[in-house]
Ligand code: PGA
């Protein structure tokens with residue numbers, strides 16, 4: 001059975017006391033609610049440990065926003081998979097478009113991080129998505145295909161079935177411009193087809209493919225009603241406990 005996953009990517013927002021406040025508010029908002037989706041939050045590194053202790057007896061799971069592909073070493077400013085595991089992360093977001101475009105991460109580097117995350121029993125949430133230029137010049141499907149192929153490069157089927165994919169058109173991130181449910185569904189179905197070719201139809205059918213890019217309480221339900229949209233990766237709207245709650249409850 002495919003799992004619905006609603007994940008909140010806090011990005012570089014919330015200092016320690018604000019992080020504690022947000023996660024406490026979210027716990028209160030979710031208390032006693034009938035929650036179908038898996039709920040994941042990805043606070044900044046420095047808040048992971050404090051957040052972990054607050055979510056201990058709740059449905060909320062912990063993710064990091066990034067990590068390095070090496071076990072350890074001279075990589076100033078970086079964090080390893082083992083470090084993330086040691087503070088209680090179960091997930092890690094990899095290949096977010098902000099990492100790709102602002103920090104120059106390549107498909108190859110992202111693939112090596114995916115392998116490292118799997119080796120350390122972290123579930124990678126692997127992001128893909130086209131820019132506005134790519135959408136307008138008709139290369140969306142080529143871009144998505146090459147990103148997905150690169151992400152799955154060298155993975156066994158047993159590893160591949162652990163991945164979560166997030167389709168995030170770059171033009172929809174933080175812009176208030178959501179892809180229409182039909183536009184998103186079209187790409188999600190395409191991603192599933194590519195993955196079926198790389199693995200098996202059964203594995204592709206079982207994978208969670210999230211949509212991300214200006215997901216809000218008022219558009220979540222319609223997006224999530226599409227057959228190949230199995231969750232959301234939420235930026236802006238996860239920074240307020242009540243709006244994130246409403247997105248979680250739209251599943
Ligand atoms: P947004 O961000 O919801 O603010 O558009 C989504 C993301 O970047 O994951």
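Structure above, values below:
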| item | result |
| --- | --- |
| Per-pair calculated FRET efficiency, R0 = 35 Å: residue 12 and residue 70 via Cβ, rounded to 0.05 | 0.95 |
| Relative exposure of 68, 96, 188, judged by other C-beta atoms within 10 Å (fewest first) | 68, 188, 96 |
| Of 232, 81, 37, the one that fluctuates the most in a GNM where the chain has Cα springs shorter than 10 Å | 37 |
| Exposure proxy ranking, count of Cβ atoms within 10 Å, fewest first, for 187, 59 | 59, 187 |
| Sequence of 200, 106 once ranked by neighbouring C-beta atoms within 10 Å, starting from the fewest | 106, 200 |
| GNM flexibility winner over the chain from 173, 102, 110 (Cα, springs under 10 Å) | 102 |
| Added length on full extension, which subtracts the Cα-Cα distance from 0.36 nm per residue, residue 131 to residue 205 | 24.0 nm |
| Net length gained if the chain between residue 3 and residue 218 were fully extended (0.36 nm per residue, minus Cα distance) | 75.2 nm |
| Value at 222 nm in deg cm²/dmol, rounded to 500, when DSSP H runs of n ≥ 4 in the chain each add -39,500 (n - 2.57) | -12500 deg cm²/dmol |
| C-alpha center-to-center spacing [segment 1-61, segment 127-205] in angstrom | 25 |
| Estimated FRET transfer efficiency when R0 is 30 angstrom, pair residue 24-residue 86 (beta carbons, to 0.05) | 0.80 |
| Pair residue 103, residue 182: separation of 7 Å Cα→Cβ label points (nm) | 3.8 |
| Length-normalised contact order of the chain in % [C-alpha pairs under 8 Å, at least 6 apart] | 23 |
| Length gained when the stretch residue 161-residue 58 is fully extended (0.36 nm per residue, less Cα-Cα span) | 34.5 nm |
| Relative contact order for segment 158-251, counting Cα pairs under 8 Å that sit 6 or more residues apart, in percent | 32 |
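Coordinate-derived values only; no laboratory data. These figures come from a predicted structure and were not determined experimentally. Glycine gets a Cβ as well: all are built from the backbone with ideal geometry, and neighbour counts include every protein chain shown.
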